[in-house]
Amino acid sequence: MTDLPEYYFRVRENGAVVFRVDTENRMRRIEMTQIAVANVRNGEIKPHGEHKLTDKDRAEIEGWIAARREKLRSRELDDIDRLVDRLNLATAWAQQTATPADIDAVADKLLLAMHDFRSVLVRKKSKQIADAEAARKAD
């Protein structure tokens, strides 16, 4: 049997259920004991039941939370890149293939979503430029 990790993280919507993995028992079976629940959004770590987390447990869980946050951020940026591709493909579809009925079916939803997205981007970009100018003037 290969060496298994000491901890297993069962991913869920906002984090993970954390288990300690044990193969050092009489039967050489894999036993997983729940020790905590980790929340990726707020960094909260809740011990399971009466379990007392060791410093090592906490360090491992905190390390997993940091790595998970980075993975989710990377996926989020990748999703945005895919969205740009999808918008380009949708543009080509609307220009080349879509029937008037197709356009009627999607135009209002798309226009509202794109207007909302554009408003947020313009507001954020304007603030970013203003903050950069203020920082430059402060120097």
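The values are calculated or read from the model by the stated rules, or taken from the named source; none is laboratory data. Bear in mind that the values here come from a model prediction, so they are computed numbers and not experimental data. When we count neighbours, we look across all protein chains shown, and the Cβ atoms used for this are built from the backbone with ideal geometry, even at glycine.
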(Q) Looking at the structure I just gave you, is Lys137 over 26 Å from Arg41 (Cα atoms) and of a type in the set (Lys, Arg)? (A) yes
Q. Hey, among Arg28, Arg86, Arg20, which residue is of a type in the set (D, E, K, R) and on the phi > 0 side of the Ramachandran plot?
A. Arg28
(Q) Suppose the filter is without any contact (Cβ under 8 Å) to a residue 24 or more places away in the chain, closer than 25 Å to Phe117 by Cα and not basic (Lys, Arg); does Ala94 pass it? (A) yes
Q. Does Ala98 satisfy the condition of being modelled with pLDDT of 95 or more, farther than 30 Å from Val21 by Cβ and not in a helix (DSSP H, G or I)?
A. yes
Q) Tell me, which residue of region 6-54 that is in a loop (DSSP other than H, G, I, E, B) and among the aliphatic types (A, V, I, L, M) is surrounded by the most Cβ atoms within 10 Å (Cβ to Cβ)? A) Val40
Q) Of Ile65, Ile103, which residue is touching a residue at least 40 places away in the same chain (Cβ under 8 Å), surrounded by 10 or more Cβ atoms within 10 Å (Cβ to Cβ) and in a helix (DSSP H, G or I)? A) Ile65
